[in-house]
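Engineer: Quick one: the structure is below, and I'll ask about it shortly.
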Protein chains: 2
Amino acid sequence: MQSTWTKTGAGSVAGAAASFALMLLAGPTAAVAAPPAACATPSTAPQHYQIPANAETVHWGYFSKNRKPVLAVHSGDIVTIETLTHHANDDAERMIKGDPGAESVFGWTKDKKNVDRRGAGPMDASVYGRGAGEGFGVHILTGPIYVCGAEPGDILEVRILDARPRPSGNPKYKGKSFGSNAAAWWGYHYKDLIEDPKPREVITIYEVETDGETDWAQAVYSFRWVPQTDPFGVVHEIIDYPGVPVDHSIIKEKHGILNGIRIPLRPHFGTLGLAPDEQDIVDSIPPSNFGGNIDDWRIGKGGTMYYPVAVEGALLSAGDSHAAQGDSELAGTAIEMSLTGVFQLVLRKKKDQAGTILEGLDFPLLETNTEWVVHGFSFANYLAELGDKAQQEIYSKSSIDLAMRDAFRKMRRFLMTTRGLSEDEAISLMSVAVDFGVTQVVDGNWGVHATIKKAIFPSPQ
Amino acid sequence: MQSTWTKTGAGSVAGAAASFALMLLAGPTAAVAAPPAACATPSTAPQHYQIPANAETVHWGYFSKNRKPVLAVHSGDIVTIETLTHHANDDAERMIKGDPGAESVFGWTKDKKNVDRRGAGPMDASVYGRGAGEGFGVHILTGPIYVCGAEPGDILEVRILDARPRPSGNPKYKGKSFGSNAAAWWGYHYKDLIEDPKPREVITIYEVETDGETDWAQAVYSFRWVPQTDPFGVVHEIIDYPGVPVDHSIIKEKHGILNGIRIPLRPHFGTLGLAPDEQDIVDSIPPSNFGGNIDDWRIGKGGTMYYPVAVEGALLSAGDSHAAQGDSELAGTAIEMSLTGVFQLVLRKKKDQAGTILEGLDFPLLETNTEWVVHGFSFANYLAELGDKAQQEIYSKSSIDLAMRDAFRKMRRFLMTTRGLSEDEAISLMSVAVDFGVTQVVDGNWGVHATIKKAIFPSPQ
């Protein structure tokens, strides 16, 4: 593994890479001892692990503090994580066929579904009958990873060293990766269409060359969603359950779309975060203080995320990978594309946070080479704020205005706490040098991010 | 004048500059014949005019279709426009003293106010007693400029060739320009303060070196607003009327603030736009379809604005110049600094718009070297949408959510109309490659802008 990570003051990846050890997991209980047993072995040098994506290493549509970890690491270890897009079955020929990992995760016959639970809903689908978990949460998440020694109050620093598109496993599409953009019923546009038929859901398939020389995606074709019958016989009139195989004999591919248009790549992880403590099984869609589905395209290579640890071991999961997304994720999704990421996990103990940018941090913070980005949501911690029915109510209570208020307060706190500014200084600085943008308006708990350039300060930390 | 403007297909400034003619206006009726008389002289080559800022060339706090133009130009002419910040009297020593233009505009004794009307309110201040115009609108606007041949339905293209800070006229501050940031009662933060006293208004004075080698601003000092008595004897408990001289013997300057912090410069014109047709005297604060106080920091050097013409002659005015601002303009203002801009005005007749990016344009569009930016507002045309009481009601009806909806619709229309995309193509493209940001949440009619990179398309227009 090559890396250009050179963060001052942190163990260099070059050094870590020199001593890494690859550890391929055969299954959820193989190769790695269950924490905290694995944590008992002292860390002598940073290790490099690899987590392939398969039916045993992913959980689908939810975070859970009770999910058994697939790996335990010490602070400083590096993990290569394969992530799979939950939209791969929009075109299985391009995104699943010939890819053992994807075939494992998406495997679904009339008799068996390799990953049954999809979402935080009931296993017997007693609410809508969509399927196990009801699709209350949709993202395929690889993990969780247990970080030895992590406790509530600590911060987990997640350095994203790399993020690469996953090549198609189908020899027919050698050298290419594919992604899907769904303009779906949960999109911001859905009730505000001008062309007929209304409403409608549209899938657009994009491709990326994996030769490393191009930095754009291009549309291949699109199709309108028509009712799809899943292998268990449930008919999905709309895109209401993740991973339903799209029958290409009943949809109409429209080629020649978005002609000549090149989408700049912004490979990133839409969902990356820790298990929350408030509830057990938590819908993967709304982002919150634990991170999760923030859908900020800046959470890519070269970025470092800081997450407040809520449960022992932190329990990091990654997924919902994207090739590109605009601020707002307007239609409901990005270019949803399987990626493989390389992450270094560094535990920042509570006692060592004072006087650093982590002091008092109770929300997911992004640091890039040039910026700090705070993430505001309609509800900063919706599980705590909205109580028992939080997972339902979040979908009807969000607004950009609420998220803006939260982002303002978080940036003010960040500047006052970590830079020692007075409130007056922080507010003037925010007015003249902080940019507020619309992260997403499609994830239940809507987001506004606030960005400040590190070069503004005399001595960037 | 030097310029690097090289827009393909447009007359180069180098060429225009070679034949320019400076025309200094001594007063509102001098030097330039009243339009349309001046328009009768045919244009042989682009002319270069200059409009100094003084009490005769500015209007304060409002747009008006009945305001007498200070200049008439032909399409293609270049105009150097001096703009003055309405916050100069926050520190007259630095921003007014020794500057004849600023002294002219801000001149105010117990007997005489050089520019009496400030705002769109009644001249007798019968609403609040603040002063003539009531401060219902605050920006000093230079102009208007009459563009020969401009009619409703046309588009005025305004190319911003340059934007330079106005040096202090006080020899004591040679080589520097100053600006003021007011964290004021109309700011987003005002009712959400955490430090005492609450509420409070704070002015922060910033400085910029004018040697051309630095590209940042630094704070000089701040002070809390205390009641100020204007020369007519009216006491201003809060910042409720523009241009009130701040008595520095009764405020307390706090130095040593924002230590070592360098604010990246983003010189731009907060307010730039055309006279609206719906009403005569229109508050300068809420932006709308005619442009005006958009407060997008991208409206600076190298940018081109396109405005729908509403009245004969277009009537362009410029002001509210800023040295830097963040997206949201959180505290109510930017670094408000007098600038001198160089603009080339090009008339795009309605009949020539088909097939160009101007087709069907009914909102202010920005083109930079790399991007197109559409400007959404809570109300796209608030004067028409809110009726007779629009100028009052706009202040209680805005939200970011409404502005987002408008920006979405405008970008969709822009992509469908000017790039020939279907709605499905436009929506997918918006989801994966268009960024939505919070322009401002302090100008009555709140703003969200949507940005798309020109390089995405095969042949940028």
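Engineer: State, as an integer percentage, the relative contact order of segment B:136-258 based on alpha-carbon contacts under 8 Å between residues 6 or more apart.
Structural biologist: Numbers: 147 pairs, mean separation 22.8, N = 123.
In percent, rounded to a whole number, it is 19.
Engineer: Which lysines have a Cα lying under 22 Å from the Cα of residue A:198, excluding residues fewer than 8 positions away in the same chain?
Structural biologist: Filter leaves A:252, A:254, B:410.
Engineer: What does the convex hull of the alpha-carbon atoms of segment B:114-165 project to on average, in nm²? Intermediate values should be presented prior to the final figure.
Structural biologist: Details: hull surface 24.9 nm².
Computed as one quarter of the Cα hull surface, the answer is 6.2 nm².
Engineer: Give the long-range amide H neighbours of residue B:77: residues separated by 5 or more places, or on another chain, with amide H under 5 Å away, using H modelled in the peptide plane at 1.01 Å from N.
Structural biologist: B:47, B:345
Engineer: OK, next. With unit charges on the beta carbons (Lys and Arg positive, Asp and Glu negative) and the dipole taken about the Cα centre of the protein assembly as shown, which residue among A:119, B:218, A:171 sits farthest to the positive side?
Structural biologist: A:171
Engineer: Something else about it: Quick one: Karplus J couplings for segment B:348-357, per residue in order, coefficients 6.51, -1.76, 1.60, θ = phi - 60°, nearest Hz, x for Gly and Pro?
Structural biologist: Along segment B:348-357, the couplings run 10, 5, 3, 5, 9, 7, 4, x, 10, 5 Hz.
Engineer: Nearest 20 debye, what's the magnitude of the dipole of chain A about its Cα centre given +1 on Lys and Arg Cβ and -1 on Asp and Glu Cβ? Numbers along the way, then the final one.
Structural biologist: On the way: 42 positive and 56 negative charges, 130 e Å.
Dipole size: approximately 620 debye.
Engineer: Using only Cα atoms, locate the centre of segment B:50-109 and the centre of segment B:163-217, then give the distance between them in Å, rounded to an integer.
Structural biologist: Their Cα centres are 19 Å away from one another.
Engineer: Further question on the same structure: Quick one: Cα centre-to-centre distance for segment B:410-426 and segment A:269-328, in angstrom?
Structural biologist: 32 Å
Engineer: Further, regarding this structure: Of A:231, A:260, B:447, which is farthest along the charge dipole of the protein assembly as shown in the positive direction, counting Lys and Arg as +1 and Asp and Glu as -1 at C-beta?
Structural biologist: Highest projection toward the positive end goes to A:260.
Engineer: If you roll a 1.4 Å probe over the heavy atoms of the protein chains, what accessible area per residue do you get for segment A:211-306, in Å²?
Structural biologist: Working: 3530 Å² over 96 residues.
Per residue, segment A:211-306 has an accessible area of 37 Å².
Engineer: Stick to Cα atoms and the Kirkwood definition of Rh, then tell me Rg/Rh for segment A:306-461.
Structural biologist: Details: Rg = 16.4 Å, Rh = 17.1 Å.
Here Rg/Rh amounts to 0.96.
Engineer: Turning to a different aspect of this structure: For chain A, with equal point scatterers placed on the C-alpha atoms only and solvent neglected, what are the log10 I(q)/I(0) values from the Debye formula at q = 0.10, 0.14 1/Å, to two decimals?
Structural biologist: Treating every Cα as an identical point scatterer, log10 I(q)/I(0) equals -0.69, -1.42.
Engineer: Further, regarding this structure: If you average the sequence gap of Cα pairs under 8 Å that are 6 or more apart and divide by the length of segment B:43-167, what percent do you get for the contact order?
Structural biologist: Answer for segment B:43-167 is 34 percent.
Engineer: May I pose another question? Would you mind calculating the relative contact order of chain A from Cα pairs under 8 angstrom and at least 6 residues apart, reporting the percent as a whole number? Walk me through the numbers on the way to the answer.
Structural biologist: Numbers: 1228 pairs, mean separation 82.1, N = 461.
Reported relative contact order: 18 percent.
Engineer: Here's something else I'd like to know. Placing the label point 7 Å from Cα along the Cα-to-Cβ direction, what are the distances from residue A:458 to the equivalent spots in the other copies, shortest first, in nm to one decimal?
Structural biologist: For residue A:458, the inter-copy label distances come out at 5.5 nm.
Engineer: Hey, which aspartates and glutamates would be in cross-link range of residue A:351, C-alpha to C-alpha under 19 Å, not counting anything within fewer than 8 residues on its own chain?
Structural biologist: Result set, ordered by chain and number: A:151, A:154, A:157, A:312, A:359, A:362.
Engineer: In Å², nearest 100, what accessible area do chains B and A bury in total when the solvent probe is 1.4 Å? All intermediate terms of the calculation are to be shown ahead of the outcome.
Structural biologist: On the way: alone 18630 and 18640 Å², together 31920 Å².
Chains B and A together bury roughly 5400 Å² of accessible area.
Engineer: Whenever you get a sec, compute what percent of the accessible area on segment B:232-279 sits on carbon and sulfur atoms (1.4 Å probe). The partial results should precede the final answer.
Structural biologist: Values: 1060 of 2070 Å².
Carbon with sulfur: 51 percent of the solvent-accessible area.
Engineer: Taking trypsin sites (Lys or Arg not before Pro) as candidate sites, keep only those in a DSSP loop with at most 11 other Cβ atoms within 10 Å, then name the longest stretch of chain A containing none of them. Before the final figure, lay out each step's value.
Structural biologist: Numbers: sites that count: A:110, A:112, A:174, A:191, A:252.
Maximal segment without exposed cleavage sites: A:253-461.
Engineer: While we're looking at this one, here's another question. Lysine pairs in segment A:36-137 with alpha-carbon atoms under 24 Å apart, 8 or more places apart or on different chains: how many are there?
Structural biologist: Details: A:65/A:113; A:68/A:112; A:68/A:113; A:97/A:110; A:97/A:112; A:97/A:113.
Pairs that pass both the separation and distance tests number 6.
Engineer: For segment B:67-117, what does the accessible surface come to per residue with a 1.4 Å probe? Please give it in Å². List each step's numbers first, then the result.
Structural biologist: Details: 1710 Å² over 51 residues.
Each residue of segment B:67-117 exposes 34 Å² on average to a 1.4 Å probe.
Engineer: Inverting the mean 1/r over all pairs of different Cα atoms, compute the Kirkwood radius of the protein assembly as shown and quote it in Å. All intermediate terms of the calculation are to be shown ahead of the outcome.
Structural biologist: On the way: mean 1/r = 0.0344 Å⁻¹.
Kirkwood radius, the protein assembly as shown: 29.1 Å.
Engineer: Restricting attention to segment A:340-374, which GluC sites (Glu not before Pro) occupy a DSSP loop and are surrounded by at most 16 other Cβ atoms within 10 Å? If you can, show how the numbers build up before the last one.
Structural biologist: Working: sites: A:359, A:367, A:371; in loops: A:359.
Within segment A:340-374, the qualifying GluC sites (Glu not before Pro) (loop, at most 16 other Cβ atoms within 10 Å) are A:359.
Engineer: Same structure again: Between residue A:213 and residue B:151, what is the label-point separation in nm under the 7 Å Cα-to-beta-carbon projection?
Structural biologist: 5.5 nm
The values are calculated or read from the model by the stated rules, or taken from the named source; none is laboratory data. Only a predicted model underlies this, so the values are computations on that prediction, with no experimental measurement involved. Neighbour counts run over all protein chains shown; Cβ positions are idealised from the backbone, glycine included. These accessible areas exclude ligands, DNA and RNA; they are computed on the full protein's heavy atoms, side chains included. Shrake-Rupley method; radii C 1.70, N 1.55, O 1.52, S 1.80 Å.
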